[in-house]
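Each remark here refers to the structure printed beneath this line.
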Amino acid sequence: AQSVAQPEDQVNVAEGNPLTVKCTYSVSGNPYLFWYVQYPNRGLQFLLKYITGDNLVKGSYGFEAEFNKSQTSFHLKKPSALVSDSALYFCAVRFRGGSYIPTFGRGTSLIVHP
Amino acid sequence: DGGITQSPKYLFRKEGQNVTLSCEQNLNHDAMYWYRQDPGQGLRLIYYSQIVNDFQKGDIAEGYSVSREKKESFPLTVTSAQKNPTAFYLCASSIIGPGETQYFGPGTRLLVL
């Protein structure tokens with residue numbers, strides 16, 4: 001079985017400040033982890049993924065995420081937030097040896113204030 | 001939105017009516033998916049397919065039907081049996097494999113008149 005949790009429905013941050021969007025997961029094997037972003041009335045866009053190797057993954061638009069196996073987390077981060085980063089962010093998980101169908105979190109709304 | 005098109009952008013359904021949402025991809029992906037998105041509920045899988053003429057139910061397949069007659073096309077029909085169809089519908093495709101990225105279409109918003 002696999003599940004993913006995004007514990008915050010909304011994250012508020014001031015422009016220029018660092019941002020973190022949290023994701024924790026539960027899988028019965030080693031995970032594949034993904035972050036997607038959705039702007040209003042649009043489809044999801046891929047940001048980054050962890051497959052194997054370096055625990056720090058860099059992605060699009062200056063975002064990065066750190067895979068932490070002991071804490072079963074994959075938090076999304078950016079050193080300096082932009083107003084244009086305001087969107088809905090989804091974490092997703094699959095596990096090795098399992099179905100190729102991912103499980104998505106419920107999403108976190110990021111609001112960056114000018 | 002990476003090679004996947006969905007139409008129409010908005011769709012209105014009357015009581016008792018079946019409506020069909022179109023999804024086409026030119027990425028040569030074997031796997032295609034339909035998701036339903038409601039506020040605060042994330043994405044819920046309706047149906048998925050990994051090969052032509054074969055598809056599997058997802059978590060919320062009741063009231064929906066699909067077909068996969070061509071590799072590039074995966075239309076979704078919302079039947080009259082779906083009593084609460086108002087939602088944002090997303091189609092996606094991917095190469096088959098757990099480490100593969102999904103590519104999403106722009107979505108169709110279905111509203112009930």
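Bear in mind these aren't lab numbers, they're just calculated from the coordinates by the rules spelled out. All of these numbers come straight from a predicted model, not from anything done at the bench. All Cβ positions, even for glycine, are placed from backbone atoms using ideal geometry, and neighbour counts span all protein chains on display.
Quick check for chain A: number of Lys pairs with alpha-carbon distance under 14 Å, counting only pairs 8 or more apart or on different chains?
So the count of such lysine pairs works out to 6.
I want to check the label-to-label distance for B:Ile95 and A:Asn55. Put each point 7 Å from Cα in the C-beta direction and report it in nm to one decimal.
Those two pseudo-labels are separated by 2.8 nm.
Sort the following peptides by mean Cβ neighbour count (other Cβ atoms within 10 Å, averaged over residues), highest first: B:26-36, B:52-62, A:85-95.
Answer by packing, highest mean first, reads A:85-95, B:26-36, B:52-62.
Using Cα centres only, tell me the gap between the stretch A:45-62 and the stretch A:75-113 in whole Å.
11
Compute from the Cα atoms of chain B the Rg and the Dmax, the latter being the longest Cα-Cα distance, and quote both in angstrom.
Looking at chain B, its Cα Rg and Dmax stand at 13.1, 41 Å.
Given the options B:Gly99, B:Gly42, B:Gly63, which has the most mean-square fluctuation in a GNM of chain B, springs set between C-alpha atoms less than 10 angstrom apart?
The residue with the greatest mean-square fluctuation here is B:Gly99.
Let me have the relative contact order for chain A, percent, based on Cα pairs under 8 Å that are six or more residues apart.
Computed over chain A, the figure is 38 percent.
What Rg and what Dmax come out for chain A when only alpha-carbon atoms are used, in angstroms?
Here Rg and the maximum Cα pair distance are 13.5, 45 Å.
Within 10 Å of each Cβ in peptide B:95-105, how many partner chain Cβ atoms are there on average? Round it to a whole number, please.
The shielding value for this peptide is 6.
When the dipole is taken about the Cα centre of chain B, and only Lys, Arg (+1) and Asp, Glu (-1) are charged at their Cβ, what size is it in debye, to the nearest 20?
Taking the Cα centre of chain B as origin, the dipole is about 360 debye.
Looking only at chain A, where both bridge partners belong to it, what percent of the DSSP beta bridges are antiparallel (to the nearest 5)?
Bridges in chain A that DSSP calls antiparallel: roughly 90 percent.
Averaged over peptide A:40-49, how many Cβ atoms belonging to another chain are found within 10 Å of each residue's Cβ?
So the per-residue partner count for this stretch is 5.
In Å, the Kirkwood hydrodynamic radius of the protein assembly as shown over pairs of distinct alpha carbons?
Radius from the Kirkwood sum: 18.1 Å.
So how strong a dipole does the protein assembly as shown carry about its Cα centre when Lys and Arg Cβ are +1 and Asp and Glu Cβ are -1, to the nearest 20 debye?
The dipole magnitude comes to about 220 debye.
Other chains near B:23-34: what is the mean number of their Cβ atoms within 10 Å of each residue's Cβ?
For this peptide, the per-residue mean of nearby foreign Cβ atoms is 0.
Evaluate the distance, in nm, between pseudo-label points positioned 7 Å from the Cα of B:Asn84 and of A:Glu8 along their respective Cα→Cβ axes.
2.9
Could you compute the FRET efficiency for B:Asn18 and A:Leu82, with r as their C-beta to C-beta distance and R0 at 45 Å, rounded to 0.05?
The calculated FRET efficiency here is 0.55.
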